[in-house]
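Quick one: structure below, then a few questions.
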Amino acid sequence: MDTVRAYHSGSLAIQERVGVRDLADHVGRSIAPGIKPVAAAFLELQPFLVLGAADADGRVWSSLLTGAPGFVRATGPARISIAGGVPDRDPLAGAFEAGAPAGTIALDPRTRRRMRLNGTALPSPRGLAVDAEQVFANCPKYLQKRELYGAEPGARPGAVRRGRALTPGQERFVRAADTFFVASAAPDGVDASHRGGNPGFVRVHSPTELSWFDYPGNSMFLTLGNLEADGRAGLLFLDWSTGDTLQVSGAARTAFGPEGRTTHLRIQQTVETEAASPLRWSAPDYSPANPPLDEGDRWPE
């Protein structure tokens, strides 16, 4: 895929500011419009997929979809099928009736592998289909390793709590997180990505404001480029041991300073779901790439 098509003006602006345009051009050659056999095989092994898109009001969300391995599979050289689609309780339920831009990320904590597929999602007889426009893998940086214990027998989602700000319990949930997923939007589509670090790498400044340090990555700056061009973002936090999820949607901006980049999110809506996932995972083996956080929960030097 040509790098002009891989990167829109927002990503290009960030790459220029940081001084990585040549590297980004090189890395961008890995973005393909189709699904290679190795990518198709990886997808069929996964018990969950994160889907990013905008709801009917234009708010961007990250949503967790789960199923037995094979519930996500490639059905052609540029299409994946997702059995069951989006649950009715989810803020993205009904968002794809006429087709809509979507980003997905398949992440396997067992192997520290991940791949992203962005395109257009639409209803299918099986649930949901996504026609791929961008498919690429990411390095394992900041990805915590976990073992899968299995699915909780007979597990069903519990209460759903919606709000416009974090509760004290949700603030503790965020502060304890070592992983979250982020969906971001721009005029040319939606992207879903991953952020990881040691617990405390996401800071809660108030019930309506979060921030996190943007650790060095692959130099594509797809997420930060979308935030530069648009600003809408949706975060998904998962309690790996209980299956509880916390989704937040809002507007984000990135500040550039001598010590690095910090992204700030102003929360507009929240959705917490008890046992949204039936999957139960082990405690993490933290990535050796995670920068240390000191006792005062300050940013790394």
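The values are calculated or read from the model by the stated rules, or taken from the named source; none is laboratory data. Quantities reported herein were computed from a predicted structural model and do not represent experimental measurements. Note that we place each Cβ from the backbone using ideal geometry, even for glycine, and neighbour counts take in every protein chain shown.
Kindly indicate the residue of segment 45-70 that is among the hydrophobic types (A, V, I, L, M, F, W, C) and surrounded by fewer than 14 Cβ atoms within 10 Å (Cβ to Cβ) and also farthest from ASP244 (Cα to Cα) among those meeting that condition.
ALA56
While we're here: Are any residues in segment 222-237 in contact (Cβ under 8 Å) with a residue 24 or more places away in the chain and either surrounded by fewer than 23 Cβ atoms within 10 Å (Cβ to Cβ) or in contact with a Phe, Trp or Tyr (Cβ under 6 Å, 6 or more places away or on another chain) (or both), and if so, which ones? Quick ask: steps written out before the conclusion?
From segment 222-237, those in contact (Cβ under 8 Å) with a residue 24 or more places away in the chain are 222-230, 232-237; that's our starting set.
GLU228, ALA229, ASP230, ARG232, GLY234, LEU235, LEU236, PHE237, listed by residue number.
Could you please find all residues in segment 19-51 being assigned to a helix (DSSP H, G or I), modelled with pLDDT of 75 or more and either under 30 Å from PRO278 (Cβ atoms) or not basic (Lys, Arg) (or both)? So that I can check it myself, show each step before the final result.
Filtering segment 19-51 down to residues assigned to a helix (DSSP H, G or I) leaves 21-28, 37-44.
With the extra rule that they be modelled with pLDDT of 75 or more, the set shrinks to 21, 37-44.
Those that are assigned to a helix (DSSP H, G or I), modelled with pLDDT of 75 or more and either under 30 Å from PRO278 (Cβ atoms) or not basic (Lys, Arg) (or both): PRO37, VAL38, ALA39, ALA40, ALA41, PHE42, LEU43, GLU44.
Which one of GLN268, GLN247 is surrounded by fewer than 19 Cβ atoms within 10 Å (Cβ to Cβ), in contact with a strand residue (DSSP E or B) (Cβ under 7 Å, 6 or more places away or on another chain) and closer than 24 Å to ARG162 by Cα? Walk me through it before giving the result.
On the way: GLN247 fails: surrounded by fewer than 19 Cβ atoms within 10 Å (Cβ to Cβ).
Step by step, each of GLN268, GLN247 is checked, and only GLN268 is surrounded by fewer than 19 Cβ atoms within 10 Å (Cβ to Cβ), in contact with a strand residue (DSSP E or B) (Cβ under 7 Å, 6 or more places away or on another chain) and closer than 24 Å to ARG162 by Cα.
Quickly run through segment 198-219 and pick out the residues that are in contact with a strand residue (DSSP E or B) (Cβ under 7 Å, 6 or more places away or on another chain) and either within 17 Å of ALA233 (Cβ to Cβ) or without any contact (Cβ under 8 Å) to a residue 60 or more places away in the chain (or both). Step through it out loud before you land on a result.
Step one: of segment 198-219, the residues in contact with a strand residue (DSSP E or B) (Cβ under 7 Å, 6 or more places away or on another chain) are 201-205, 208-214, 218.
If the condition is that a residue be in contact with a strand residue (DSSP E or B) (Cβ under 7 Å, 6 or more places away or on another chain) and either within 17 Å of ALA233 (Cβ to Cβ) or without any contact (Cβ under 8 Å) to a residue 60 or more places away in the chain (or both), then PHE201, VAL202, ARG203, VAL204, HIS205, THR208, GLU209, LEU210, SER211, TRP212, PHE213, ASP214 are the ones that fit.
Can you tell me which residue in segment 222-248 is farthest from GLY196 (Cα to Cα), limited to those that are acidic (Asp, Glu) and in a loop (DSSP other than H, G, I, E, B)?
ASP230
A further question on this structure: Going residue by residue through segment 177-196, is there one that turns out to be out of contact with any strand residue (DSSP E or B) (no Cβ under 6 Å at 6 or more places or on another chain), assigned to a helix (DSSP H, G or I) and of a type in the set (D, E, K, R)?
No, every residue in segment 177-196 fails to be out of contact with any strand residue (DSSP E or B) (no Cβ under 6 Å at 6 or more places or on another chain), assigned to a helix (DSSP H, G or I) and of a type in the set (D, E, K, R).
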